[in-house]
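What follows draws every value from the coordinates through simple rules; no lab data is involved. Since this is a predicted model, take the numbers as computed values, not measurements. Backbone-built Cβ (ideal geometry, glycine too); neighbour counts: all protein chains shown.
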Amino acid sequence: MKIYTKTGDKGETSLVYGQRISKYSPRVNAYGTCDEANSMIGLALSSIPREERWTEIHCIFHVIQTKLFHVGAELATPQGKKVGWIIVDEDISFLEEQIDHLEHELPPLTNFILPGGHPAGAALHVARAIVRRAERSAVEIQKTESINLVVIQYLNRLSDFLFVVARYINHLMGSREATLHQE
């Protein structure tokens, strides 16, 4: 199978089920942004050792990257068509459980923090910002088409999770969090 098809050379792409739309459409922007976030998460994970103490984090992210792929698939499915994977409330609960678990390991927030720290933590802060953009894109679609509202909730909670896990990784790696300078 060839990686290039030449079918997108004129600025259009196919949704699930083959409907052609502009690559500039909000729907393509939304699922493309999910792909971008997923790639940034992959970059972050490449900086986290494959040691036993990090196994749980790698396993959690395997679930999250799979779910983020599912979010993209939902966003790439035209309104009224059957979706192969559906994001459900339990997916949001999973993220909330992870957030609660990790927050117990962290010092409380007393100030705004600046993104940075260990390369994995910094990359997860970038992924968080990308997920926020994906969320805004999904909200834009929702204004004109019906989409699974749990997708928007999932993206919102995912950005919260990425913030917490970036702090957690920075904490375990010994990277001090820079705080906002108050003038």
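Per the listing T66, T110, the residue uniquely under 30 Å from R27 (Cβ atoms), loosely packed, with under 14 Cβ neighbours inside 10 Å and either of a type in the set (S, T, N, Q) or in contact with a Pro (Cβ under 8 Å, 6 or more places away or on another chain) (or both) is T66.
Taking every residue in the stretch 28-56 that is surrounded by fewer than 18 Cβ atoms within 10 Å (Cβ to Cβ) and pairing it with any residue that is among the aliphatic types (A, V, I, L, M) and outside any helix (DSSP H, G or I), at least 6 positions away or on another chain, the pairs with Cβ-Cβ distances below 9 Å are W54/I48. Residue-level check: of (1) among the polar types (S, T, N, Q); (2) touching a residue at least 24 places away in the same chain (Cβ under 8 Å); (3) surrounded by fewer than 18 Cβ atoms within 10 Å (Cβ to Cβ), Q98 misses just (3). In the stretch 161-183, the condition of being among the charged types (D, E, K, R) and in contact with a strand residue (DSSP E or B) (Cβ under 8 Å, 6 or more places away or on another chain) is met by at least one residue.
Considering the stretch 1-36, the residues that are of a type in the set (A, V, I, L, M, F, W, C) and outside any loop (DSSP other than H, G, I, E, B) include one that is nearest to K143 (Cα to Cα), namely A30.
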